[in-house]
Structure formats: structure tokens, C-alpha cells
Amino acid sequence: MLLSEIGDKEIVDITSGSMHGKLWDAEMIFDEDTGVIKALIVPDFHGVGHGRFRTDLQLPWSSILVIGEDMIIFRSN
């Protein structure tokens, strides 16, 4: 699968049901030696006062459960 094919997918936390934008909004952390994706950094609007400010949530690649037709589903801790 190409990045251009998954960039428009919504990133959703199955634990809380919260949405974290699209993959285009995320940053990726790669292993410099192997090129393997280690984690995604996505916006975290959940639990932030009145939605005015956001923090970032780092998701280990292993927390991603499904890359589906329209969504990327992960399980937060």
C-alpha cells in the first residue's frame, strides 16, 4: 500500500472512540537503520480544555489494529 493511498484515512482510537485527524496530519517516526515505521505522532484533542489547545499523542506502530477502507484504528493504553 502506498502512502498516497492511506493519507486520507481517519485515525481513530477504538478505546475512547476519539478521532485524531487524518494520516496527512500525523508525523511518522522511522528506525534510521531499517526504515521501519516505529510510531505515529497524532493530534490529541481529547481531554483538552474547550478544544482550544492540542497536545500530541505518540502511537507505537504496534498499537495499530486495522488499516481499513476509510480508517486507521488503534488501541490507546
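The values are calculated or read from the model by the stated rules, or taken from the named source; none is laboratory data. Since this is a predicted model, take the numbers as computed values, not measurements. Virtual Cβ from ideal backbone geometry, glycine too; neighbours counted across all protein chains shown. Calculation scope for accessible area: heavy atoms of the full protein, side chains included, ligands and nucleic acids excluded. Shrake-Rupley method; radii C 1.70, N 1.55, O 1.52, S 1.80 Å.
Might you check whether a residue that is at pLDDT 90 or above and assigned to a strand (DSSP E or B) occurs anywhere in region 41-48?
If we filter region 41-48 for residues that are at pLDDT 90 or above, which is where we start, we get 41.
Next, from what is left, pick out any that are assigned to a strand (DSSP E or B): 41.
Checked region 41-48: at least one residue is at pLDDT 90 or above and assigned to a strand (DSSP E or B).
If you scan region 5-30, which residues turn out to be acidic (Asp, Glu) and either modelled with pLDDT of 90 or more or open to solvent by less than 50 Å² (accessible area, probe 1.4 Å) (or both)?
Within region 5-30, Asp8, Glu10, Asp13, Glu27 qualify.
For region 1-15, which residues satisfy the criterion of being of a type in the set (Ser, Thr, Tyr) and farther than 19 Å from Leu65 by Cβ?
Ser4
If you scan region 1-25, which residues turn out to be touching a Lys or Arg at 6+ places or on another chain (Cβ under 9 Å) and part of a loop (DSSP other than H, G, I, E, B)?
Residues satisfying the conditions are Gly7, Asp8, Lys9, Ile14, Thr15.
Checking Asp33 against (1) modelled with pLDDT of 95 or more; (2) open to solvent by less than 80 Å² (accessible area, probe 1.4 Å); (3) of a type in the set (D, E, K, R), which single condition isn't satisfied?
Every listed condition holds for Asp33 apart from (2).
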